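Notes follow once the structure below has been shown.
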Amino acid sequence: MIEVKDLTKRFGATTAVKDLTFTVRPGHVTGFLGPNGAGKSTTLRTILGLSAPSGGSVTVAGRAFGDRRRGLRHVGALLDAGDVHGGRSAAAHLAVLARGNRIPRGRVDEVLAEVGLAGAAGRRRVAGFSLGMRQRLGIATALLGDPPVLLFDEPLNGLDPEGVLWVRGLFRRLAAEGRTVLVSSHLMSEMEHTADELVVIGRGELVAAESLARFAARG
Ligand code: ADP
Ligand code: ADP
């Protein structure tokens, strides 16, 4: 469960997120929908503990946080697909994260297989990866710690059609396992076959928080 309450985040004179309140429940795939610049990434980084709120609070699984990073075993995330040391292989990247988070080394091969980067692909330098492969590696990073809460920032970007179908199935399975799954997108069409709940924001403020069916039925 994620509880965002009156969250405000400012960057100098820019207010990226303003008095944002919503709840993300376990057992669902919740879409986090809003146009570019709406404040989705900022909110996700705050939930993850990478960025401190200017006001309000964020609680994940009952635990509030100050300005500390959450461990990969509590919250996993796909953030910016570009945010990986390109000189390393996917396997080496994950091994470093596993070590830092006290996750068994064997988990690296498991998640690489799960995202379709088993074998040679996982041993190649990330610098040579396509965007789709980077997305898969980011998803592997999110899964690494087997966390109850997972955040995915624009995960469908760069995936081929087959990859999109695969990742939707993955999200549904994670939700069916009782996890909390929050997936951001700037496209309603992407969410239609991905999420069952929606949190919609615009200009840093809440527009709607309801089931996708109810939102889609608005006229
Ligand atoms: P989204 O993910 O919905 O595209 P962001 O959260 O990235 O939106 O951005 C929301 C707003 O906050 C934008 O106006 C963006 O320019 C601004 N912003 C985000 N991060 C920073 C930062 N580190 N410094 C200054 N402004 C930022
Ligand atoms: P460092 O502190 O040396 O930057 P970390 O091992 O803490 O390295 O983080 C490495 C990478 O993992 C960074 O790109 C960071 O943004 C990302 N990261 C940190 N915590 C998480 C998390 N809970 N889920 C997903 N990615 C994370």
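Computed from the coordinates by the stated procedures, all read-outs in this text should not be read as laboratory data. Predicted model, so just to flag it, every value in this text is computed and none were measured. Glycine gets a Cβ as well: all are built from the backbone with ideal geometry, and neighbour counts include every protein chain shown.
Relative contact order, whole percent, for the chain stands at 30, derived from Cα pairs under 8 Å and 6 or more residues apart.
Against the 2.2 N^0.38 Å scaling, with N counting residues, where does the range 1-119 land? I'd like the Cα-based Rg ratio to two decimal places. Display every interim value, and only then the final one.
Numbers: Rg = 16.2 Å, N = 119, 2.2 N^0.38 = 13.5 Å.
Cα-based Rg divided by the globular estimate yields 1.20.
The modelled label-to-label distance for the pair residue 189/residue 10, using points 7 Å beyond Cα in the direction of Cβ, is 3.9 nm.
Note on the range 151-219: Cα convex hull, mean projected area over all directions, 5.1 nm².
Positive end of the dipole of the chain (Cβ unit charges, origin at the Cα centre): among 193, 149, 211, the Cα lying farthest that way belongs to 149. Note on the chain: Rg/Rh from C-alpha atoms, Kirkwood Rh, equals 0.96. Across the range 19-31, computed HN-Hα scalar couplings (Karplus, 6.51 cos²θ - 1.76 cosθ + 1.60, θ = phi - 60°) run 6, 8, 10, 6, 10, 10, 8, x, x, 10, 9, 9, x Hz from first to last residue, x flagging Gly and Pro. Compared with the dominant Cα axis of the chain, that is its longest principal axis, helix 90-100 is turned about 70°. Amide hydrogen proximity for residue 154: with H placed 1.01 Å from N in the peptide plane, the residues at 5 or more positions away or on another chain lying under 5 Å are 184, 185. Label positions at residue 124 and residue 176, each projected 7 Å from the Cα along the C-beta direction, are separated by 3.1 nm. Charged side chains reduced to their Cβ positions (Lys and Arg at +1, Asp and Glu at -1) give the chain a dipole of some 760 debye around its Cα centre. The sum of -39500 (n - 2.57) across all DSSP H runs of n ≥ 4, divided by the residue count of the chain, sets its helix-only mean residue ellipticity at 222 nm to -9500 deg cm²/dmol. Stretching the chain fully between residue 146 and residue 214 yields a gain of 21.3 nm (0.36 nm per residue, less the alpha carbon separation).
Computed from backbone phi with θ = phi - 60° and the Karplus coefficients 6.51, -1.76 and 1.60, the 3J(HN,Hα) list for the range 188-205 is 4, 4, 5, 6, 4, 10, 10, 9, 10, 10, 9, 10, 10, 10, x, 6, x, 10 Hz; x is used for glycine and proline. Share of pairwise Cα-Cα distances greater than 19 Å in the range 77-202 is 45 percent (whole percent).
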